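Accompanying notes for the structure given below.
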Amino acid sequence: MTIKSSFATTTGRFSYWFLHTFMKGGSSLPGQIVTNLDPAVLKNLTKNYDVIIITGTNGKTLTTALTVQTLKQKYDNIMTNSTGSNMMQGITTAFLAHHPKKGQKQLAILEVDEANVEPLCRYVEPKAIVMTNIFRDQMDRFGEIYTTYNKILAGVKLVPNTTLIMNGDVPLFSSVELPNPKIYYGFNHQPDGEMLAPSNTDGVLCPVCQHIIHYKFISYSSQGKFYCPNCGFKRPELTDQVTAINEMRPTSSQFEINQAPFEISIGGMYNIYNALAAYSVGRFLDVPVSDIQKAFTQNKKVFGRQEVIQLKDKAVTLVLVKNPVGLNQVLQMISSDPEDFSLAMLLNANYADGIDTSWIWDGEFEDLLKHHIPTVITGGERRDDITFRLKVAGVTDEQLHETADLDATLAAIEAAPTKHVYVLATYTAVLQLRKKMAEANYIKKGLSV
């Protein structure tokens, strides 16, 4: 380690200690300080780690949490950026905060923003890169799905020996020839048929020849067993696959991977994909299947990912939403609830949320509202936008409660006529709501429960 790097690391660790001892913490400032002093400091911070990167549009946080829980069955002292700070400064801070055991190779499981894969791979050669999916998300940052994929690809091309663990049901991920070792995971839970994705679906064109892509079956959105009748491009062979889905409820999913039974305490097909990705990482690192089954039963609720918060006599399920595909999967998950429920949606449009809110118009609220929902609550900094969208979807004046601030939102939730309330919120709205709930002593401070 150079004198420059050593000084930067010492300064960064001191700033982390000071912020977390005397202030309210900081998940990115220590990383910002240390990289200003030495832009290449990550090269030294990570030299005794095997690093696994988890990236993609949706599912990074839960996939990371499930992967860490899985690998804990075999490995001690795993480093991860559990705060969800997934850009370079936050990742650097996570390494500064970790205290590795001397003389041992450490394991780091990192959630990484798609645009930060390339800058990270300039300094780190990961053992594996996990790619979850690619959907339209934060159009002001990423543009269309091809732009997002190219950002990830730029990082992958820097590390040709890194194993790629990829969602094989996503056509883009197998569309470019790469020298890396590859593991594909996906779904094989339905008999073959013949179908096309709806015309407004992301990625309906073959990424090789631009012909309309066909499917033997679709899991959701543009994911499934795809093939191109024009050029012959098709889904690659899967190493790990969901072979059956036995039950899906809002609070649990039972399914099989390679014919072995699994259960997670969270709903939605998209979360089965996250569990499948974690399974693939576990098997890549030789974790026995029985240990992965055990790990999945121990998974903890993660900040904003279907965590249930008791608000007086109301069970409030808080769900992060940020793009149309994820939103529609959440709406489908909610629709499977056999009990009556109320609904709240909090919409912000800050940088971390994406400043373009047009994605809410691709949300299939009309289908959800076929269910009887007695109360629909709207709020957030862009409450007018989501209120108008829900009115267009069919929410009546009798159902609707538009709230001007979070105090009013909490009051409306407490007054809801059902015992269960689903709260869908964008990223900064989740942070704001959880802070307000912590101040009212409904939850502990922090990001996880």
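The values are calculated or read from the model by the stated rules, or taken from the named source; none is laboratory data. Not measured: the values here are computed from a predicted model. All Cβ positions, even for glycine, are placed from backbone atoms using ideal geometry, and neighbour counts span all protein chains on display. All accessible areas refer to the heavy atoms of the entire protein, side chains included, with ligands and DNA or RNA removed. Shrake-Rupley method; radii C 1.70, N 1.55, O 1.52, S 1.80 Å.
Some observations on this one:
- Estimated distance in nm for a label pair at Ser175 and Trp361, the labels positioned 7 Å out from Cα along Cα-to-Cβ: 2.5 nm
- Protein accessible area in the chain, 1.4 Å probe - carbon and sulfur %: 51 percent
- Anisotropy class of the chain from Cα gyration tensor, a/c 1.5 cut: oblate
- Counting only whole DSSP H helices of the chain, the ones at least 27 Å long by C-alpha along their axis and with mean Kyte-Doolittle hydropathy no lower than -1.0 are 3-22.
- Förster radius 30 Å - calculated FRET efficiency between Glu339 and Thr297, Cβ distance, rounded to 0.05: 0.80
- Gyration tensor verdict on the stretch 45-90 (Cα atoms; rounded if a/c is under 1.5, prolate if a/b is larger than b/c, oblate otherwise): oblate
- Rounded to two decimals, the Cα radius of gyration of the stretch 336-393 over 2.2 N^0.38 Å is 1.19.
- About the centre of its Cα atoms, the stretch 141-220 shows a dipole size close to 320 debye [charges on the beta carbon of Lys, Arg (+1) and Asp, Glu (-1) only; nearest 20 debye].
- Checking every one of the chymotrypsin sites (Phe, Trp or Tyr not before Pro) in the stretch 359-449 against DSSP loop status and a limit of 16 other Cβ atoms within 10 Å picks out Tyr442.
- Gap separating the Cα centres of the stretch 38-78 and the stretch 225-298, nearest whole Å: 20 Å
- Pairs spanning more than 24 Å between alpha-carbon atoms, out of Lys182/Lys294; Lys101/Lys444; Lys322/Lys436: Lys182/Lys294; Lys101/Lys444.
- Directionally averaged projected area (the stretch 319-449, Cα convex hull): 7.6 nm².
- Two-decimal Rg to Rh for the stretch 221-373 - Kirkwood Rh, Cα set: 1.00
- When each of the peptides 343-350, 379-386 is scored by how many other beta carbons lie within 10 Å of its residues on average, the order from highest to lowest is 343-350, 379-386.
- Surface calculation, 1.4 Å probe, protein heavy atoms: Ser82 sits at approximately 100 Å² accessible.
- Orphan Cys of the chain, criterion: no other Cys C-beta under 4.7 Å: Cys121
- q = 0.18, 0.19 Å⁻¹, the stretch 124-253: log10 I(q)/I(0) [Debye, one scatterer per Cα]: -1.07, -1.17
- Accessible-area value, His371, 1.4 Å probe, nucleic acids and ligands omitted, Å²: 80 Å²
- Residues of the stretch 171-198 with amide N under 20 Å of the 7 Å Cα→Cβ point at Tyr227: 171-176, 184-198
- Alpha-carbon geometry of the stretch 60-178: the Rg and the Dmax are 14.7, 45 Å, given in that order.
- Thr428, Thr239, reordered so the largest accessible area comes first (probe 1.4 Å): Thr239, Thr428
- For Cys121, the accessible area of its heavy atoms, probed at 1.4 Å with every protein chain present, is near 10 square angstrom.
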